[in-house]
Amino acid sequence: MTHILFNGIGWTDIALTLNRVAVGMFFMFSGYHKLFNAERHRVFADELRSLHVPAVGINQWRVPLIEFSAGGAVLIGLVAPLAAFGLLVLILVADATSGRARIRAFKPIDRADRIDDWLYLPETLYAVMLIVVISAGAGPYSLDAVVLSLIDHRVG
C-alpha cells in the first residue's frame, strides 16, 4: 500500500497513451471542423480578424490544416514529438491572443486569481498535454514504436 501511495499504481505507458490519444483527437477534430464545416470556419476566420491576426486569408486555412494533420499524427503516434511541438506553437499563439483577451474579461482580482484564470484556460491544459508528448514521445502503443522497432531490426 505504501508503494501505491508514493509511486502510483503504475500503468505509465497506458496513461501516456491516453494523454497522447486525447490531445491528438482534440486537435484533429478541431481542425477538421474548422476546415470542413462552413459555419465553424467562418467563426474561426472572424475570430482571427477580431484579434488582428495577420494574413487571415492564409491563416484561416493554415492553422486548421496544422491542427488536423498534426493532431492526427499525435493521435496515431507518428513523429508525435514533432507534431506535438507544432501544435504547442499554435496553442501558445492562441494563448497570447484569444487567451489574453479572455483573461481580461474574467477581471482577475489579484495576481493569484490571474494565475488561476490562466490555469483555467483549456489551452493551458492542452499545452501541458503536448509537452508530455514532446518529452515522453509517443510510447510503445504507437506507429513511432513500430517504426523504431523496424529501424532497430535493420540496424541489428
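Ordered by the number of other Cβ atoms lying within 10 Å of each residue's own Cβ, fewest first, Ser142, Ser149, Ser30, Ser69 fall into the sequence Ser149, Ser69, Ser30, Ser142.
The long axis of helix 56-76 is offset from the longest Cα principal axis of the chain by roughly 20 degrees.
Most exposed first by the Cβ proxy, i.e. fewest other Cβ within 10 Å, how do Val79, Val133 rank?
Numbers: Val79 17, Val133 25.
Least crowded to most crowded, the residues run Val79, Val133.
Pairs of alpha-carbon atoms within less than 8 angstrom and 6+ residues apart define the contacts here; what relative contact order does the chain have, in percent? Before the final figure, lay out the partial values.
Details: 162 pairs, mean separation 45.8, N = 156.
Over the chain, the number comes to 29 percent.
Note on Arg62 and Phe36: the model spin-label points, each 7 Å out from Cα along the C-beta direction, lie 2.4 nm apart.
First check a/c for the chain, with a ≥ b ≥ c the square roots of the eigenvalues of its C-alpha gyration tensor; if it is under 1.5, answer rounded, and if not, answer prolate when a/b is larger than b/c or oblate otherwise.
It is oblate, given that a/c is not under 1.5 and a/b is not larger than b/c.
As a rough footprinting exposure proxy, the listed residues Thr12, Thr2, Thr97 were ranked by other beta carbons within 10 Å of their own, and the order from fewest upward is Thr2, Thr12, Thr97. Full extension of the chain segment joining Ala15 with Leu150 gains 46.1 nm, where the gain is 0.36 nm per residue of separation less the Cα-Cα distance.
Since every read-out is calculated from the coordinates, none of them should be taken as a lab result. These numbers were taken from a predicted model, which means no experiment stands behind them. Backbone-built Cβ (ideal geometry, glycine too); neighbour counts: all protein chains shown.
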